[in-house]
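Below is one structure, written out as structure tokens, with a few remarks after it.
The values are calculated or read from the model by the stated rules, or taken from the named source; none is laboratory data. All values reported here derive from a predicted model rather than from experimental measurement. Positions of Cβ are generated from backbone atoms using ideal geometry, with glycine treated the same way; all protein chains shown enter the neighbour counts. Side chains are part of the model used for accessible areas, which takes the heavy atoms of the whole protein and leaves out ligands, DNA and RNA. Shrake-Rupley method; radii C 1.70, N 1.55, O 1.52, S 1.80 Å.
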Amino acid sequence: MPPPAPGLPPPARGPVLAVAAAAGALLVLLSGRYGYVTDELYFLAAGKYYLDWGYMDQQPLVPLLAWVLDAAFPGRLVVFRLPAVLVTVLGVVVTALITRELGGDRRAQTLAAAAYPLSPWLLLSGHWLAAATMEPAQWATVIWLLVRWVRLHRQGLHRDRLLLAAGLVVALAVQTKFQIVVLCVALLVSLLAVGPRALLSRPLLWVGAGVALITAVPTLVWQAANDWPALDMGTVVDGESSRLLFLPNVLLYSGIAVGSVFCGYGLWWLLRAPGHRFLGWTVAAVALFYLAASGRANYLAGLYALLFAAAAVGLQQRRERRGVHRWRRLPWPAYLLSAVLPLALLPIYPLPLLARHPEFPNFPRLYETGWPELARTVADTYHSLPAEVRRRTAVVGESYYTTGALDVHGRELGLPRAYSPHRGYWFFGAPPDQATAMLYVGNAQPLAPYFGTGRELATVHSDLGLLNLAQGDTVTFYEGPKVPWSVLWPKIRTM
């Protein structure tokens, strides 16, 4: 953390770094206790075999990172997930920095920083190398740089390089997911509405914006060339999400005690804080946008750092104003209560206590098992076919995560590349027209009408129990295609 600056409270280096180190150590110790989860399989397959300038549901940064880490440290899950741990640790520190910029003393900085890893979403996503894991720290860093610029501007100091730095972070975030654009638009509208408008007149702000736009050009070209599949993904998310449960899930993801209270109180404080109302309106605008668009609750996780910081400063000011010393110990029981859910979800136990609960359909699948067993079953079935049949057989998965497992685990067992018409995998291409037979992996059989014959050859069985998502998947062999793949592929894309 930086040294004390004029007009700033002293930094809470010791407590904040202790919280960050504890969260990081916990994630490192536990991140090797389970195999790849669905999105990790997809990102690794995308980066390793289908690296491109763009994808339907994310941008190139995470697939590229997954490929590099796997190439350098093959199969080392702790190393593979280390970037996720590092951005979670960074989030803790940046939360404290935002608190300090808002005027928070050492205690406020510590309270805000400690709330960050008690968020179930922020802590659990620290286990997974995924685009959604990278976003919160990126958003928090952009917000910290803007808040710091505003404070220095009030002191008559122009540190416009902070705005350029914010633009560079935005450029990185655009290569992760497009959601950062929603934050930037909300910030610009809020600054125009309530100020400080002087920020919008600084040239380096627009230089940073230009850098972000230039770096996004290859991705935008890819999207345009493929008819903007990111918009199709928005339709998918809309169909999978509930507007009624959106805000409750946002609060649940932030934490059952401290996080949810801090989100509400932090927003209320920002909307009333002179000079920082634009941040409150930004939070409100982003929330309303995703509520209207039926976005996922985790899309607001990038605002948790700001809200936790604002709430901690608000509590500090309340304590100073009223001189109520009993407030010094009151928050800690709430912190202990907040720790219950994240700790229950961590892979400390033989199985996590909550897994894809039907009341929380958007909560991430936790610690899936069965993917190596799936790949082994398909590989054994494939190799049982006569050599002449194998040469003309394509392996097709029902879903992107099934197909990612076949690409990541199956190729090590001698399987050819896998194909799928599902979501982003459809863009990786169709089987060649010379493939006149198919091994289809999945329970639904949507391609059956396009082949003359089909017979089930295997079923995935495992004793891994509740979290084995591959359990019961069938492997079906089809022959006699009625149309070539080049004609069929555009008709069978699924979302």
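Please pick out the residue among Val68, Val62, Val94, Val87 that is at pLDDT 95 or above, β-branched (Val, Ile, Thr), touching a Phe, Trp or Tyr at 6+ places or on another chain (Cβ under 6 Å) and closer than 30 Å to Asp232 by Cα.
Within the list Val68, Val62, Val94, Val87, the selection yields Val62.
So Gln434 clears everything in (1) within 21 Å of Gly480 (Cβ to Cβ); (2) open to solvent by 50 Å² or more (accessible area, probe 1.4 Å); (3) part of a helix (DSSP H, G or I) except one condition, right? Which one?
(3)
Within segment 264-281, track down each residue that is part of a helix (DSSP H, G or I), open to solvent by 10 Å² or more (accessible area, probe 1.4 Å) and either over 14 Å from Val313 (Cα atoms) or in contact with a Ser or Thr (Cβ under 8 Å, 6 or more places away or on another chain) (or both).
Result: Arg277, Trp281.
Determine which member of the set Ser201, Ser260 is of a type in the set (Ser, Thr, Tyr), without any contact (Cβ under 8 Å) to a residue 24 or more places away in the chain and surrounded by fewer than 15 Cβ atoms within 10 Å (Cβ to Cβ).
Sole residue among the options that is of a type in the set (Ser, Thr, Tyr), without any contact (Cβ under 8 Å) to a residue 24 or more places away in the chain and surrounded by fewer than 15 Cβ atoms within 10 Å (Cβ to Cβ): Ser201.
From the list Ala394, Ala405, which one is over 23 Å from Lys491 (Cβ atoms), in contact (Cβ under 8 Å) with a residue 12 or more places away in the chain and either part of a loop (DSSP other than H, G, I, E, B) or not aromatic (Phe, Trp, Tyr) (or both)?
Ala405
May I ask you to verify whether Ala285 is open to solvent by less than 30 Å² (accessible area, probe 1.4 Å), among the aliphatic types (A, V, I, L, M) and touching a helix residue (DSSP H, G or I) at 6+ places or on another chain (Cβ under 7 Å)?
no
Return the pair list, or none, for Cβ contacts closer than 7 Å from residues in segment 11-37 that are part of a loop (DSSP other than H, G, I, E, B) to residues that are modelled with pLDDT of 85 or more and of a type in the set (Val, Ile, Thr), at least 6 apart or on different chains.
Between residues of segment 11-37 that are part of a loop (DSSP other than H, G, I, E, B) and residues that are modelled with pLDDT of 85 or more and of a type in the set (Val, Ile, Thr), the close pairs are Ala12/Thr110; Ser31/Val78; Ser31/Val85; Gly32/Val78; Tyr36/Val408.
Does Thr235 satisfy the criteria of being part of a helix (DSSP H, G or I), surrounded by fewer than 16 Cβ atoms within 10 Å (Cβ to Cβ) and among the hydroxyl-bearing types (Ser, Thr, Tyr)?
yes
Please verify whether Leu69 is over 18 Å from Leu406 (Cβ atoms), open to solvent by 60 Å² or more (accessible area, probe 1.4 Å) and in a helix (DSSP H, G or I), treating the condition exactly as stated.
Answer is no for this residue.
If you take the residues of segment 288-305 that are open to solvent by 30 Å² or more (accessible area, probe 1.4 Å) and part of a helix (DSSP H, G or I), which of them is farthest from Leu267 (Cα to Cα)?
That would be Ala293.
Of the residues Arg100, Arg107, which is part of a helix (DSSP H, G or I), farther than 22 Å from Val37 by Cβ, charged (D, E, K, R) and open to solvent by 10 Å² or more (accessible area, probe 1.4 Å)? Even if it seems obvious, please write down each step before you answer.
Details: Arg100 fails: open to solvent by 10 Å² or more (accessible area, probe 1.4 Å).
Selected residue: Arg107, the only one of Arg100, Arg107 that is part of a helix (DSSP H, G or I), farther than 22 Å from Val37 by Cβ, charged (D, E, K, R) and open to solvent by 10 Å² or more (accessible area, probe 1.4 Å).
Taking the condition at pLDDT 95 or above and within 19 Å of Leu343 (Cα to Cα), does Ala115 pass?
The answer is yes for Ala115.
Counting just the residues of segment 469-495 that are farther than 30 Å from Glu373 by Cβ and part of a loop (DSSP other than H, G, I, E, B), which one comes out most open to solvent (accessible area, probe 1.4 Å)?
Among those residues, the one meeting the criterion is Lys482.
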